[in-house]
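Q: First the structure, which I've put down as structure tokens, then a few questions once you've had a look.
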There are 4 protein chains.
Amino acid sequence: MKVGIIGATGYGGAEIMRIMKRHPYVDECILYSSRHQGTTYCKQYPHFVKLTKQTLEPIEVSQIVADIDFLFMAAPSGVCSRLIAEFEPYDIPVIDLSGDLRMKDATIYESWYHHAAPPQSALEKAVYGLSELNQEEIKVAKYIANPGCFPTATLLGLAPLIKNGLINESFLIIDAKTGVSGAGRKASIGTHFSEVNENLKIYKVNEHQHLPEIEQTIRYWNPVFQPITFSTHLVPMTRGIMATIYTELKTSMKTNELQTVFSDFYQNSYFIRVREVGQFPETKEVYGSNFCDIGISADERTNRVTVISVIDNLMKGAAGQAVQNFNMMNGWSETTGLDFAPIYP
Amino acid sequence: MKVGIIGATGYGGAEIMRIMKRHPYVDECILYSSRHQGTTYCKQYPHFVKLTKQTLEPIEVSQIVADIDFLFMAAPSGVCSRLIAEFEPYDIPVIDLSGDLRMKDATIYESWYHHAAPPQSALEKAVYGLSELNQEEIKVAKYIANPGCFPTATLLGLAPLIKNGLINESFLIIDAKTGVSGAGRKASIGTHFSEVNENLKIYKVNEHQHLPEIEQTIRYWNPVFQPITFSTHLVPMTRGIMATIYTELKTSMKTNELQTVFSDFYQNSYFIRVREVGQFPETKEVYGSNFCDIGISADERTNRVTVISVIDNLMKGAAGQAVQNFNMMNGWSETTGLDFAPIYP
Amino acid sequence: MKVGIIGATGYGGAEIMRIMKRHPYVDECILYSSRHQGTTYCKQYPHFVKLTKQTLEPIEVSQIVADIDFLFMAAPSGVCSRLIAEFEPYDIPVIDLSGDLRMKDATIYESWYHHAAPPQSALEKAVYGLSELNQEEIKVAKYIANPGCFPTATLLGLAPLIKNGLINESFLIIDAKTGVSGAGRKASIGTHFSEVNENLKIYKVNEHQHLPEIEQTIRYWNPVFQPITFSTHLVPMTRGIMATIYTELKTSMKTNELQTVFSDFYQNSYFIRVREVGQFPETKEVYGSNFCDIGISADERTNRVTVISVIDNLMKGAAGQAVQNFNMMNGWSETTGLDFAPIYP
Amino acid sequence: MKVGIIGATGYGGAEIMRIMKRHPYVDECILYSSRHQGTTYCKQYPHFVKLTKQTLEPIEVSQIVADIDFLFMAAPSGVCSRLIAEFEPYDIPVIDLSGDLRMKDATIYESWYHHAAPPQSALEKAVYGLSELNQEEIKVAKYIANPGCFPTATLLGLAPLIKNGLINESFLIIDAKTGVSGAGRKASIGTHFSEVNENLKIYKVNEHQHLPEIEQTIRYWNPVFQPITFSTHLVPMTRGIMATIYTELKTSMKTNELQTVFSDFYQNSYFIRVREVGQFPETKEVYGSNFCDIGISADERTNRVTVISVIDNLMKGAAGQAVQNFNMMNGWSETTGLDFAPIYP
């Protein structure tokens, strides 16, 4: 199989490329880039020296559909919105890693993303690619809206609680923290080393575009849910997301009971590692891998539960989950090409 | 004036020493250490070469009270508990930076700190040294229980809301993040560079000993308050604390109204910098200084408010606030020796 | 094949384990540890949750030789010295990652390592496992002295110059820099996060135990070489070594001529990536991989050449090269289980 | 006294501002910026909230000379070259922190800086502001070429050896390492957090513009000196420079003899801290201060000496040394406003 990557010069694209180097069913990766077309990929990313001799190709839809069997779009938000209509006449399956296909309601998309949504026809074809929760839909999807990094960590941490009806629908606070690579490769003062190193900041307070994405899925699971509080912090590290989730139990439960609920819920999900009681995951423990590790603590003093969910934002939060969906769409095991250990330390 | 520091080889002690080098009313700092007595301070901390020739003195109470006019105890928790009875017969004022004098109820102390509390007589003499809130008591105190780093950031962020009766007494969640220096200088696997760098972890979930300290003060302000949720995360940076505080408003307010409440509340507090609407403080913006910077965001969707409060854990969270209290106890301006800018970047 | 790892709880051991998880010819890894025997490996390294259920076994030689076909010793220096005599009666091949088997002259070993050398019989059986340079010896070796991290980067950067007789034998200065993981997992003040972060230090100036190891190999290639200068610096990062090598050309050469010398020299060496003229490798570009990347700059002003050689200290500088040697000893391709891309960013 | 800062929005300018807040003889700092004129300084640098209400003023020479008594130019290279002619008719003293006034030979400047040199008249008025070495000239200078960060660390480490005629004039290798703030505040891929963090790279190999600056001063001290080798590395930290200097002794000397040479040489230099034998400075030990700390190691095996010289690049390497020169030009003690301790950890 030949796959293509639009936006190959971004971090998400480079991570898909890293995975594809060891994917047993992918013969070739063709890389597309509007800004850097004509230069070699190794000039952009010298860590691929000797591993690829690819030159970056221009983004020409008719050529792309002729060249490849499957397309990953790993470009910034807005690119898929503009391009997807050109791909719709063709049969090619697409996984988009930006937020463009995620919101079912185009007006909500536009109010949080501040540019035009993709055509309604594309939105209707798109399945939300939260791999563990939407398996059947993903397997038959033409387009996948690959989930955002924060929503992935958050929703995987919430699903067992919500789907089992255990928590108060009007009490949900998510304090999320991310490494800097989530901001992409584009240089800016906000990601300048001297400003980020030895620093911690909160950003987009109550305004992050991943908020409606989380709410959309939560309400898809249970329409009764009230608006949530969702905050994002920038941590001086490159990779990793932690969502610290605070909610209230409908009826009192102990940590070990909740741990059993989570373990049962994810018993067939290879990439979800529910930790033992008293053990809480650290972001480095999933570094470079597709795992999502979850820890739980019930607090009897408050009848609240704290869920800690960590992922590598570029893997389970982007490229890794994209390949997991790609596997499912092609009828392969979800772990194909993804069953490697985190790198530690 | 001659001051002494017990536990001078810890980071809190070194930071007091740094401040004292420029304090106009302090003639001499005598440094005490049980572990390193007899060695020069510069051997422990070469950054003080040329700035001091002090040798570390043994901890002998009768000699200490003869040598100095004022004592800072910057030793780990448990040392003050053991030593304070020996100092009580003497007239010397003491500021303790550990948690030992903070809990008014010795049984609560013992259940969270897991060792014996100081004598009741010492606890009764101790004033909680949250400088901006307890000025009158601090001025006449003999002993100061210098607040913990997390409680300082948290309580300064909460005081205007609680004292003005604006928030729901049963809805308070504090997601706190700290740099690694808060763990002190003692080497351990949990503070080993290769384990902490490029990593984010949560620790002591629902079990941190600063939790009862926060609740004690909140209930001193308003006894109606219910148990709180308080989490602490370790961020790969040396200095800095951020408390992200989530609570619910009793009646709807806009961000600018809340900003005015905070600005008014702290109008005479030099070290509190309430940020403008839309601006949120970063930990690096207070690095090395005694400032506490606060940002506020009200969310109309949820009727909740997010307060962000940042400090340098070794300054306003330890040594800086200790010197601020020292100034007040001696009748000097609270800013004496502390009116320097943060270091950035 | 069953392999064993003594010292599995160290970083080198954990990295061998990570590689073995995807090695096609290894059925099982048995892990040995004197300190943690009886506990699960995942308790030590939660990033392996779901990937292994191994319990740490005690170090009992007769049991080890019964259990496994091949032994990696990844324990601190001194352990192999003490244990190897017990293994000598058996047929089991051993790769030792510590420095214990590297020095051919036991007295030199003892003067730099400050403890007793292994028995002479073991030293004689040991082949220095610099994979690219000693292939024929490695293939038939019983024992491998796996090279040190600094010597690996240095010697790979020097070999083309020395073996081609291009440089002044009395002018060799190596300024080496390492990430902190090279110091292992044992906590100490020198690897304490708050002391290492945002800091750069030099250590063991003119006293590092890797110095005689480098000289031994250089003189094995050309006995005329004079004593070298070798310095090591600790950089606030977890992984990565850079050796910046300064030497003098016997006759003037341009950078592109030297680049050709290097490219030709390493044309059959998969893991050595000689960079194009004007491009210099960064440590992150080999992160997590077994590559050694080399850049060269000749300076006409001084007739000196600067060689920059980078590796991941835990991979090509330890576990990766060990597995490369393991492959060669077993007659497999040297890249088996090691042909994965670096992780970037 | 009123001082002005052109280029106040850069890191060097901000650091001058930080120092001036506590300088006893400076009444006011007026800040000039072409890009951000009209906005408040606190908008650029929120860490100055409450410490200044300054608005950034436009760069209009006639207004500047009317407003202030002393000018710091902390703009990027090229700005001083263009502006200085406009200032020459006036009497105002200027300290320029860029490289523009440093090279006595305009053609050398232009070949390394790649743009036009300042007028010859200005170059002739400029004194090289290496504070400890050029005191008499600095005191009477109109213009100061404030030294580069790398040259400062390097030359202070070399002066006692060269001025005492102790080293081989054709053997000098400087391996320099810097934190990222030396690159200024302008965002670029080369200073992007995700690319710099957990990474080490060499840059401008044999091409750094500080090389001719170092050679110019060395040859001013001793014209016999041959071309030097000078390399620069980017370390994942914000502040700090270390120069590791390798040279050859003319006659054999022991470390303690050299330590005495250095101590004697700098006995009246407050800001130079020559370390004891066996102790080597770390960059963090001068963090935020104007100190330059020096360690020495003679190696009997090679008859070479290694000198380690560390500074804070924004302090002794830029703003701190500028203020030190400012003090000397005004007849004050060189330590005025600069006698504060490093911040550690």
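Q: Can you tell me which condition B:Val235 does not meet? The list is (1) under 22 Å from B:Gly179 (Cα atoms); (2) within 17 Å of the chain's Cα centre (by Cα), and all the others hold.
A: (2)
Q: Moving on. What number of residues within segment B:1-28 are closer than 21 Å to B:Ile84 by Cβ and open to solvent by less than 10 Å² (accessible area, probe 1.4 Å)?
A: 7
Q: If only one of B:Ile311, B:Ile296 is surrounded by 24 or more Cβ atoms within 10 Å (Cβ to Cβ), more than 8 Å from every other protein chain (Cβ to nearest Cβ) and more than 20 Å from the chain's Cα centre (by Cα), which one is it?
A: None of the other options fit; the residue is B:Ile296.
Q: Applying the selection to segment A:280-293, what residues are aromatic (Phe, Trp, Tyr), in contact with a strand residue (DSSP E or B) (Cβ under 9 Å, 6 or more places away or on another chain) and within 11 Å of chain B (Cβ to nearest Cβ)?
A: A:Phe280
Q: Could you identify the single residue in D:Ser231, D:Ser188, D:Ser194, D:Ser181 that is under 25 Å from C:Thr247 (Cβ atoms) and either crowded, with 18+ Cβ neighbours inside 10 Å or among the polar types (S, T, N, Q) (or both)?
A: D:Ser231
Q: Further, regarding this structure: Can we say A:Glu215 is modelled with pLDDT of 95 or more and either closer than 16 Å to A:Tyr113 by Cα or surrounded by fewer than 20 Cβ atoms within 10 Å (Cβ to Cβ) (or both)?
A: yes
Q: Condition first: polar (S, T, N, Q), open to solvent by 30 Å² or more (accessible area, probe 1.4 Å) and assigned to a helix (DSSP H, G or I). Now tell me which residues in segment A:76-110 satisfy that.
A: Passing the criteria: only A:Thr107.
Q: Which members of segment A:234-269 meet the condition of being open to solvent by 10 Å² or more (accessible area, probe 1.4 Å), more than 24 Å from A:Lys284 (Cβ to Cβ) and not aliphatic (A, V, I, L, M)?
A: If the condition is that a residue be open to solvent by 10 Å² or more (accessible area, probe 1.4 Å), more than 24 Å from A:Lys284 (Cβ to Cβ) and not aliphatic (A, V, I, L, M), then A:Glu248, A:Lys250, A:Thr251, A:Ser252, A:Lys254, A:Asn256, A:Glu257, A:Thr260, A:Asp264, A:Phe265, A:Gln267, A:Asn268 are the ones that fit.
Q: For segment D:204-215, state whether one or more residues are part of a helix (DSSP H, G or I), in contact (Cβ under 8 Å) with a residue 60 or more places away in the chain, outside the structural domain of D:Ser98 (by TED's automatic domain parsing) and of a type in the set (A, V, I, L, M).
A: Within segment D:204-215, one or more residues are part of a helix (DSSP H, G or I), in contact (Cβ under 8 Å) with a residue 60 or more places away in the chain, outside the structural domain of D:Ser98 (by TED's automatic domain parsing) and of a type in the set (A, V, I, L, M).
Q: Just checking, does segment D:124-131 include any residue being in the same structural domain as D:Leu31 (by TED's automatic domain parsing), more than 25 Å from D:Ile174 (Cβ to Cβ) and not β-branched (Val, Ile, Thr)?
A: Checked segment D:124-131: at least one residue is in the same structural domain as D:Leu31 (by TED's automatic domain parsing), more than 25 Å from D:Ile174 (Cβ to Cβ) and not β-branched (Val, Ile, Thr).
Q: When the residues of segment A:299-308 are filtered to those that are within 8 Å of chain B (Cβ to nearest Cβ) and either more than 18 Å from the chain's Cα centre (by Cα) or at positive phi (or both), which remaining residue is most open to solvent (accessible area, probe 1.4 Å)?
A: A:Arg301
Q: Looking only at segment B:111-147, how many residues end up being in a loop (DSSP other than H, G, I, E, B), within 24 Å of B:Gln267 (Cα to Cα) and open to solvent by 10 Å² or more (accessible area, probe 1.4 Å)?
A: 4
Q: Would you mention how many residues in segment B:163-194 are assigned to a loop (DSSP other than H, G, I, E, B), more than 9 Å from chain A (Cβ to nearest Cβ) and not charged (D, E, K, R)?
A: 6
Q: Just to be sure I understand, how many residues within segment D:141-173 are free of Cβ contacts under 8 Å to residues at least 60 places away in the same chain, of a type outside the set (Lys, Arg) and out of contact with any strand residue (DSSP E or B) (no Cβ under 7 Å at 6 or more places or on another chain)?
A: Total satisfying the criteria: 2.
Q: Scan segment C:29-49 residue by residue and report those that are buried (at least 16 other Cβ atoms within 10 Å of the Cβ) and assigned to a loop (DSSP other than H, G, I, E, B).
A: C:Ser33, C:His36, C:Tyr45, C:Val49
Q: Here is a check on your reading of the model: is A:Leu155 of a type outside the set (Asp, Glu), within 21 Å of A:Thr229 (Cβ to Cβ) and open to solvent by 10 Å² or more (accessible area, probe 1.4 Å)?
A: no
Q: Taking C:Leu166 as the residue in question, decide whether it is open to solvent by 20 Å² or more (accessible area, probe 1.4 Å), over 18 Å from the mean Cα position of the chain (by Cα) and at pLDDT 95 or above.
A: Against the criterion (open to solvent by 20 Å² or more (accessible area, probe 1.4 Å), over 18 Å from the mean Cα position of the chain (by Cα) and at pLDDT 95 or above), C:Leu166 qualifies.
Q: Here's another thing I want to ask about it. Before we move on, is C:Asn222 open to solvent by 40 Å² or more (accessible area, probe 1.4 Å), more than 9 Å from every other protein chain (Cβ to nearest Cβ) and more than 20 Å from the chain's Cα centre (by Cα)?
A: no
Q: Go through segment D:239-279 residue by residue and tally those that are part of a loop (DSSP other than H, G, I, E, B), within 12 Å of another protein chain (Cβ to nearest Cβ) and more than 28 Å from B:Gln44 (Cβ to Cβ).
A: Result for segment D:239-279: 0.
Q: Can you tell me which residues in segment A:186-231 are of a type in the set (D, E, K, R) and on the phi > 0 side of the Ramachandran plot?
A: A:Glu198, A:Lys204, listed by residue number.
The values are calculated or read from the model by the stated rules, or taken from the named source; none is laboratory data. Just so it is clear, the structure is predicted and the values come from calculations on it, not from any experiment. Cβ atoms come from the backbone with ideal geometry, glycine included; neighbour counts cover every protein chain shown. Please note that ligands, DNA and RNA were not included when accessible areas were found on the heavy atoms of the full protein model with its side chains. Shrake-Rupley method; radii C 1.70, N 1.55, O 1.52, S 1.80 Å.
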